[in-house]
Amino acid sequence: MDAIDVIVTKRDGRELSTAQIDWVIDAYTRGVVADEQMSALAMAILLNGMTRREIAEWTQAMIRSGTRMDWSGLPGRTTDKHSTGGVGDKITLPLAPLVAACGGYVPQLSGRGLGHTGGTLDKLESIPGWRASLSSEEMLGVLREAGAVICAAGEGLAPADKKLYALRDVTGTVEAIPLIASSIMSKKIAEGTGALVLDVKVGSGAFMKTVDRARELATTMVELGTDAGVNTVALLTAMDRPLGRAVGNALEVTESVEVLAGGGPEDVVELTVRLAREMLQAAGLDGGKDPEQALKDGSAMDAWRRMISAQGGDPDAALPRAAETMEVVAPATGVLTRLDAYGVGLAAWRLGAGRERKEDPVSFGAGIMLHARPGDAVREGQRLMTLHADETARFDRALAALDGAYAIGEAGEVDLLPLVIDRIRA
Ligand code: URA
């Protein structure tokens, strides 16, 4: 087998054989296939696509490049959620303990943020003492104690994907749906969950800008999960505006705790409850306590406190706050017709909530609190949002990102995607 053969097969629009796929993933992981060869293959895949069989085998080969976790020792069923990422998307934080409170076990491996979307681990790391890196034994311990664990994926999980994702990032090949789907699903299948709900975001603040692209990605991932024996379902959900009112690490933790206390913004609550029901149903656990009830009776909050404490965090500690704030006020009276997710995400990132390179630190207190949501009536001079940053020098660039990101007009001009756009099953 040689790399040129594999590249030429895909360059000419032909199907890769099982042997070619197995060899190229293994050889790339071992350093036998060079980065420039894998780049050419990734570009050929982006241009010519892959069949369902090829994507499934590519995914399995990436899973085999590392370890697969096993939760069969737990006394109940596992179920997890993956979001393709968005602005203000803190749903994992209330969702994992909520599902635990309803009888599921949630073994969630999460990532850090890069670019304008936040990462779940960055949000949780704003809680004093909380640790993202756990051994498999520690993960099992937290799962037994709290019913849910959220932590970083270890080095051993799908190492082929780690290498390939970094390469795609610098070769213009991130957008290939077969590569995105296999990248996400190799990690989720290797994580060992029995059931999986995918939250595929659509809109300016999401990876997928159109419903059609999001549907194609969701369908591909649902097929991959199903073929691998993981009961998988996907929701397409809105990311044309931010989710909730808080954007930024500690600000989003505070909002998540409000949801767990039975309050919080309507859209965050609605999506959290919907995803929790989907996760329970996918695991065959939908006959027990309803998620809405678990938010009301405090059991989801109890699971959150156990989960945070079991990972070294203090659920009662004060969260970091940014040193400086600045108000953005409505320039006119009318209705907020638009609040663009990408513009708000970019502004939060420039305030320090996100990172440029993966080794950069984030500011835990930085971000944006939204005081008005699309559809709300506003008066000239009323606060639209509060910017939070550690240095005032950051405000100008954040304001530039917000330029054109919101509009005030008439109620009839509000045109938003439905919160849940579609549901996709195998
Ligand atoms: N997230 C991933 O894990 N992989 C991709 O390819 C894209 C998003």
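The values are calculated or read from the model by the stated rules, or taken from the named source; none is laboratory data. Keep in mind it's a predicted model, so treat the numbers as computed, not measured. Note that we place each Cβ from the backbone using ideal geometry, even for glycine, and neighbour counts take in every protein chain shown.
Structure data summary
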read-out	value
Criterion: in a helix (DSSP H, G or I) and more than 24 Å from residue 364 (Cβ to Cβ) - qualifying residue of 252, 223, 258	223
Some residue of segment 193-208 being more than 16 Å from the ligand (Cβ to nearest atom) and among the hydroxyl-bearing types (Ser, Thr, Tyr)	yes
Residue check, residue 76 more than 30 Å from residue 266 (Cβ to Cβ), touching a strand residue (DSSP E or B) at 6+ places or on another chain (Cβ under 8 Å) and surrounded by fewer than 17 Cβ atoms within 10 Å (Cβ to Cβ)	yes
Residue identified as among the hydroxyl-bearing types (Ser, Thr, Tyr), at pLDDT 95 or above and surrounded by 21 or more Cβ atoms within 10 Å (Cβ to Cβ) among 186, 204	186
Odd one out for residue 213, checked against (1) buried (at least 24 other Cβ atoms within 10 Å of the Cβ); (2) within 18 Å of the chain's Cα centre (by Cα); (3) more than 30 Å from residue 364 (Cβ to Cβ)	(1)
Qualifying residues in segment 77-106 (those that are on the phi > 0 side of the Ramachandran plot and at pLDDT 95 or above) - the one nearest to the ligand (Cβ to nearest atom)	88
Residue within segment 209-219 that is in contact (Cβ under 8 Å) with a residue 40 or more places away in the chain, touching a strand residue (DSSP E or B) at 6+ places or on another chain (Cβ under 9 Å), within 14 Å of the ligand (Cβ to nearest atom) and not hydrophobic (A, V, I, L, M, F, W, C) present	no
Of residues in segment 101-119 being under 13 Å from residue 90 (Cα atoms) and in contact with a Leu (Cβ under 7 Å, 6 or more places away or on another chain), the one surrounded by the fewest Cβ atoms within 10 Å (Cβ to Cβ)	111
Verdict on residue 239 being within 12 Å of the ligand (Cβ to nearest atom), under 17 Å from the mean Cα position of the chain (by Cα), at pLDDT 95 or above and not basic (Lys, Arg)	no
Count - residues of segment 162-185 that are within 11 Å of the ligand (Cβ to nearest atom), free of Cβ contacts under 8 Å to residues at least 60 places away in the same chain and either over 19 Å from residue 49 (Cα atoms) or not aliphatic (A, V, I, L, M) (or both)	4
Residue check, residue 333 β-branched (Val, Ile, Thr), touching a residue at least 12 places away in the same chain (Cβ under 8 Å) and in contact with a helix residue (DSSP H, G or I) (Cβ under 6 Å, 6 or more places away or on another chain)	no
Number of the exception - residue 127 against (1) among the β-branched types (Val, Ile, Thr); (2) assigned to a helix (DSSP H, G or I); (3) farther than 19 Å from residue 70 by Cα	(2)
Tally of residues being under 20 Å from residue 186 (Cβ atoms) and part of a helix (DSSP H, G or I) across segment 130-154	2
Residue check, residue 188 part of a strand (DSSP E or B) and either touching a Phe, Trp or Tyr at 6+ places or on another chain (Cβ under 6 Å) or within 16 Å of the ligand (Cβ to nearest atom) (or both)	no
Qualifying position, being more than 18 Å from residue 60 (Cα to Cα), buried (at least 22 other Cβ atoms within 10 Å of the Cβ) and more than 17 Å from the chain's Cα centre (by Cα), among 260, 167	260
